[in-house]
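Chemist: Before we start, here is the structure in question, set down as structure tokens.
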Amino acid sequence: MTGIVAKAAGGLAAAGTGLLGLVAVGMQALAPAILTPTAAAVSDIPTAYLALYQAAAGRCPMPWTTLAGVGRIESDHGRDAATSVTGAIGPMQFEPATWQRWGVDGDGDGRKDTRDPADAIPAAADYLCALGVTHNAHDALVAYNCGNTGATCQTASAGYAAAVLATAASYGITEGESPVAEAAVRAALEEIGTPYLWGGEGAGGFDCSGLVQFAYARAGLALPRTAQDQYDATVHLTDPTSLLPGDLVFFGSGPRGVEHVGIALGDGRMVDAPHTGAVVRVEAVDLSPGWFVGATRPVAS
């Protein structure tokens, strides 16, 4: 909506991550997890805004943390809602033409006020829903910020989408998530933007299993080094559609041919180090038969 790169950079700094080359390709989407606000969310988000984000997210539905991430990057939850250099207005930074199409009277007071969070937040939810946020959050956020998902906008708004999603990841925790898993997820997210390095374990880069081992070591749990050994050593789950943050998702030709691993975020996405030439990033969990092998849960003995 704003196209202001500085806001994206500020959001990345607030989320404690580096600039990420985030690519969320059109993989199978899962229903959003029920996310409890983290201590970071409670301390950062005004109570009224938090309630509005949570209520408006049900309009798709989408994770409420995605809306909160937009609100944080666009206006710091209304604390910096000045009209932008491109004419975007209010806490969710709607440009007038976009507001004309998507503005709503969220609080029923008879007005559609882009400066009123009670109107702007549900309007942002409707707009993101129409942009396909439930299927490809990255592209929806690129379009929200830039107007479309073409190559120019992908380049211009990659940092914006990264900042929103990294902030969102810091705001919500799935009920039942263990402190070890939460710490591992946070450790992995802090490495977003780190280059992929075959055999990498942190000095200059990571490969997929190196990132997993590193993140869990930071959380106090030792895991084997390779993806195959990690699959064999952790507790296998029967329902891959109800993953908790910190669960591991494995890919390859089968249970004895594991080739790749990522750390689930609990909302159909994972953080991983995908391949040579890429960086640690957040992307959708691909449950395609013939590639998805299974999911496991690291458990301290």
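The values are calculated or read from the model by the stated rules, or taken from the named source; none is laboratory data. This structure is a prediction, so every number in the text was calculated from the model and none was measured. Glycine gets a Cβ as well: all are built from the backbone with ideal geometry, and neighbour counts include every protein chain shown. Accessible surface is based on the protein model in full, side chains and every heavy atom, while ligands, DNA and RNA are left aside. Shrake-Rupley method; radii C 1.70, N 1.55, O 1.52, S 1.80 Å.
Chemist: Take 43, 178, 84 and sort them by solvent-accessible surface of the protein heavy atoms, 1.4 Å probe, largest at the top.
Modeler: 43, 178, 84
Chemist: Under the rule of at least 5 residues apart or a separate chain, name every residue whose amide H is placed under 5 Å from the amide H of residue 194.
Modeler: For residue 194, whose amide H was placed from the backbone, the distant partners under 5 Å are 280.
Chemist: Can you bin region 40-166 into rounded, prolate or oblate? Criterion: square roots of the alpha carbon gyration tensor eigenvalues sorted a ≥ b ≥ c, rounded for a/c under 1.5, prolate for a/b above b/c, oblate for the rest.
Modeler: Note, shape of region 40-166 comes out rounded.
Chemist: Next up: What size of dipole, in debye to the nearest 20, comes out for the chain about its Cα centre when the only charges are +1 on Lys and Arg C-beta atoms and -1 on Asp and Glu C-beta atoms?
Modeler: That gives a dipole near 240 debye.
Chemist: Just to check I understand the Karplus step: with θ = phi - 60° and J = 6.51 cos²θ - 1.76 cosθ + 1.60, what whole-Hz values come out for region 90-99, glycine and proline as x?
Modeler: x, x, 9, 6, 7, 6, x, 5, 5, 5
Chemist: Subtracting the Cα-Cα distance from 0.36 nm times the residue separation, let me have the gained length for residue 242 to residue 201 in nm, one decimal.
Modeler: 11.9 nm
Chemist: In percent, how large is the relative contact order of region 74-198, given Cα pairs closer than 8 Å and 6 or more residues apart?
Modeler: Reported as a whole number, the value is 12 percent.
Chemist: Extension gain residue 299-residue 47, at 0.36 nm per residue separation less the Cα-Cα distance, in nm?
Modeler: 87.3 nm
Chemist: Something else: With charges only on Cβ, +1 for K and R and -1 for D and E, what is the dipole size of region 166-301 about its Cα centre, in debye, rounded to 20?
Modeler: Rounded to the nearest 20 debye, it is 160 debye.
Chemist: Using a/c under 1.5 as the rounded threshold, could you call the chain rounded, prolate or oblate? The axes a ≥ b ≥ c are square roots of the C-alpha gyration tensor eigenvalues, and prolate needs a/b larger than b/c, oblate otherwise.
Modeler: prolate
Chemist: Under 5 Å between amide H atoms, partner at least 5 residues away or on a different chain: which partners does residue 259 have, H built in plane at 1.01 Å?
Modeler: 251, 252, 253
Chemist: Next up: Picking from 134, 83, 167, which is most flexible by a Gaussian network model of the chain using Cα springs under 10 Å?
Modeler: Greatest mean-square fluctuation among the candidates belongs to 83.
Chemist: To the nearest 0.05, how large is the calculated FRET efficiency for residue 156 and residue 101 if R₀ is 25 Å and r is the Cβ-Cβ distance?
Modeler: Efficiency, from the Cβ-Cβ distance: 0.70.
Chemist: Residue 83 label point, 7 Å along Cα→Cβ, cut-off 17 Å on backbone N: hits in region 91-127?
Modeler: Taking a point 7 Å out along Cα→Cβ of residue 83, the residues of region 91-127 whose backbone N falls under 17 Å are 91-100, 113-116.
Chemist: If you don't mind, another one. Skipping prolines and chain starts, which residues have an amide H placed within reach, meaning under 5 Å, of the one on residue 36, given they are 5 or more residues away or on another chain?
Modeler: 173, 174, 175
Chemist: Right, next: By the gyration tensor of its Cα atoms, with a ≥ b ≥ c the square roots of the eigenvalues, what is the shape of region 100-210: rounded for a/c under 1.5, prolate for a/b over b/c, or oblate?
Modeler: Here region 100-210 falls in the oblate category.
Chemist: Another question, then. Give the angle, between 0 and 90 degrees and rounded to the nearest 10, that separates the Cα long axis of helix 179-189 from the longest principal axis of the Cα atoms of the chain.
Modeler: Its long axis makes an angle of about 70 degrees.
Chemist: Right, here's the next one. Among 61, 245, 117, whose mean-square fluctuation peaks in a Gaussian network model of the chain (Cα, cutoff 10 Å)?
Modeler: Its mean-square fluctuation being the largest, the pick is 61.
Chemist: Among 296, 254, 220, which residue has its Cα positioned farthest towards the positive end of the charge dipole of region 210-301, with +1 placed on the Cβ of Lys and Arg, -1 on the Cβ of Asp and Glu, and the dipole taken about the Cα centre?
Modeler: 220
Chemist: Going by a 4.7 Å Cβ-Cβ cut-off, which cysteines of the chain have no partner at all?
Modeler: That list is 208.
Chemist: Continuing with the same structure: Hey, can you find the accessible area per residue of region 53-180 for me, probe 1.4 Å, expressed in square angstrom? Could the numbers behind the result be given before it?
Modeler: Values: 4820 Å² over 128 residues.
Spelled out: the 1.4 Å probe surface of region 53-180, per residue, equals 38 Å².
Chemist: Output the 0 to 90 degree angle, nearest 10, between the alpha-carbon long axis of helix 5-15 and the longest principal axis computed from the alpha carbons of the chain.
Modeler: 50 degrees
Chemist: Then there is this: Using only helices, what value at 222 nm comes out for the chain when you add -39,500 (n - 2.57) per DSSP H run of length 4 or more and divide by the total residues, to the nearest 500 deg cm²/dmol?
Modeler: Computed mean residue ellipticity for the chain: -12000 deg cm²/dmol.
Chemist: Quick one: ranking 186, 79 by accessible area, 1.4 Å probe, largest first, what do you get?
Modeler: 79, 186
Chemist: For helix 117-130, what angle does its Cα long axis make with the longest principal axis of the chain, in degrees from 0 to 90 and rounded to 10?
Modeler: Taking Cα atoms only, the helix is inclined about 60 degrees.
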